[in-house]
Amino acid sequence: MTTLAVFRREWIGRRNVFLLALGMGFIQLIGLRFDPDGGSLHDKATFMAIGTGTLFAWVVAALFGATMVGRDLEERRFGFLLNQPLRTGEIFAGKVGAGVGMAVLSAGLLCLPPILLGGIWRQLPLKEVSRIIGLWLAGGIVLLLFFHAVSIQVRSRSSWLALDLAAWSGFAWGVRLLSRRLISAGAFEAMFHLWLVLLVVVTLGLALAGYLQVAEGRADLQRGHRWVSVTLATSLGLALLIGWAQVAWVLKDGPKIRTVSPRIR
């Protein structure tokens, strides 16, 4: 049994997601086909394909993350994978890959009918397609890892939940404080870079927390919650330290911030 076997097992167990995506795509197709305002068919098809596809991909990723390990642990089925000749890293990678792949593929199936009807595939450049798929992937990975951590935290019902709430509350307060400092200085571009850096660091922390939950927590839900809580609290604290250093550099030693003052006539 390999990572691909875990991937295949997850897809077979949740194959109805693909049928749901196709069904929703054909419902969109029928709605567009019988729309009395046929002049704006292309615009509506584009909006429906991209908008609903993105939303569907992210919802699938979030729901998959909330159930990919937590439900197996709660129903005492996770021991089956642990007893196979598999490394814990392969189990976690197989589940994450299956969830992200399912989110992207199902979103593509949902978009297929309106894309074919509206003829978007003839006009949409390959660069734009890659950006849309990249958006599905990035959002799917973040949501899957986040809801996986939340699922473990909620399902275990342990006292470590207090650390989780304190860590996320402190992180939100810290991000707000750092953002206000940049806003007061007019450094809006630097604030966007700050949020991007924080998102990357937190995502890496979520990935590490998820792996340690599988590798160290194994079939013990509360022990896995402990690893998730400690790893996430450390990652959120590290993210704030990096953000503080970035803001201090921008406001003191970084490039001069251009501010436009209104002219008095």
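Derivation of every value follows stated rules applied to the coordinates shown; laboratory data play no part. No experiment lies behind these values; they were computed from the predicted model shown. Positions of Cβ are generated from backbone atoms using ideal geometry, with glycine treated the same way; all protein chains shown enter the neighbour counts.
Over the chain, the pair-distance histogram of Cα-Cα distances with 10 Å bins from zero comes to 7, 24, 25, 23, 16, 5, 1, 0 percent, rounded to whole numbers.
Normalised by the empirical 2.2 N^0.38 Å for globular proteins, what value does the Cα Rg of the stretch 56-108 take?
1.21
Identify the residues of the stretch 194-218 with backbone N under 14 Å of a label point that sits 7 angstrom from the Cα of residue 244 along the Cα-to-Cβ direction, or state none. What the label zone holds, given the 14 Å backbone N cut-off, is no residue at all. The modelled label-to-label distance for the pair residue 159/residue 197, using points 7 Å beyond Cα in the direction of Cβ, is 3.7 nm. Distance between the modelled labels on residue 234 and residue 55, one decimal in nanometres: 4.0 nm (7 Å Cα→Cβ projection).
For the pair residue 47 and residue 30, the difference between a 0.36 nm per residue extended length and the Cα-Cα distance amounts to 4.6 nm.
Taking one equal scatterer on every alpha-carbon of the stretch 147-223, how large is log10 of I(q)/I(0) by Debye at q = 0.15, 0.22, 0.25 1/Å? Log10 of I(q)/I(0), two decimals: -0.64, -1.02, -1.17. Subtracting the Cα-Cα distance of residue 189 and residue 116 from their residue separation scaled by 0.36 nm leaves 22.4 nm. In order along the stretch 61-68, the phi-based Karplus estimate (6.51 cos²θ - 1.76 cosθ + 1.60, θ = phi - 60°) of 3J(HN,Hα) comes to 4, 5, 5, 5, x, 6, 10, 5 Hz; Gly and Pro are listed as x.
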